[in-house]
1. What tally of residues in segment 64-104 results from selecting those that are acidic (Asp, Glu) and modelled with pLDDT of 90 or more?
2. Out of all the residues in segment 89-123, which are polar (S, T, N, Q), part of a strand (DSSP E or B) and surrounded by fewer than 16 Cβ atoms within 10 Å (Cβ to Cβ)?
3. Just checking, does segment 40-62 include any residue being at pLDDT 90 or above and of a type in the set (Phe, Trp, Tyr)?
4. List pairs: first in segment 28-42 and in a strand (DSSP E or B), second surrounded by 13 or more Cβ atoms within 10 Å (Cβ to Cβ) and among the polar types (S, T, N, Q), Cβ under 7 Å, 6+ apart or cross-chain?
5. Could we say that Arg69 is under 17 Å from the mean Cα position of the chain (by Cα), among the charged types (D, E, K, R), assigned to a helix (DSSP H, G or I) and loosely packed, with under 10 Cβ neighbours inside 10 Å here?
6. Could you tell me whether Gln58 is assigned to a loop (DSSP other than H, G, I, E, B) and not hydroxyl-bearing (Ser, Thr, Tyr)?
7. Considering segment 92-126 alone, what residues qualify as being of a type in the set (Val, Ile, Thr), touching a helix residue (DSSP H, G or I) at 6+ places or on another chain (Cβ under 7 Å) and within 12 Å of Ile82 (Cβ to Cβ)?
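The values are calculated or read from the model by the stated rules, or taken from the named source; none is laboratory data. Just so it is clear, the model here is predicted, and its values are computed rather than measured. FYI the Cβ positions are ideal-geometry reconstructions off the backbone, even for glycines, and counts take in every protein chain you see.
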Amino acid sequence: MFRSSGPGGQSVNTTDSAVRLTHKPTGIVVSCQDEKSQLQNRDKAMRILRARLYQAEQERQQAEAAAARRSQVRAVDRSEKIRTYNYPQNRVTDHRVKVSVHNLPEVMAGGIDPFVEALAAQERAEQLASGDGDGAGLAG
């Protein structure tokens, strides 16, 4: 509680009608001296404080959602190719497991077993390295 300031005559100098509210967890401070009554000022300050707290919470949630979206969407660089199909050399290369097959027509017809086997072997090796050696969910 403090005295109002500004124009208003003698009542401004003698009446402690201004209100200052501080929300301790966030440190948001709201002052109100618009009304003549301290009760009306307090009610108005509470409404303003509630609105600011609501706005701060909305901004926090939006920032959290934006961070979640950013973590889910990643920029794929051209250097992060999965496979290269080289028609002049009759070659297909899978860059994840570094396997090349020199029979492009067979791969195009669905013969991707060498790649699938290499990927499964790589996944098994990663699971063994991480200590999860149950092998559940693997093909083969």
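1. So the count comes out to 1.
2. Hit for segment 89-123 is Ser100, nothing else.
3. Yes.
4. From segment 28-42, the pairs are Cys32/Asn41.
5. When the stated conditions are applied, Arg69 passes them.
6. No; evaluated as a whole, the condition is false for this residue.
7. Answer for segment 92-126, where residues must be of a type in the set (Val, Ile, Thr), touching a helix residue (DSSP H, G or I) at 6+ places or on another chain (Cβ under 7 Å) and within 12 Å of Ile82 (Cβ to Cβ): Val92, Val97, Val99.
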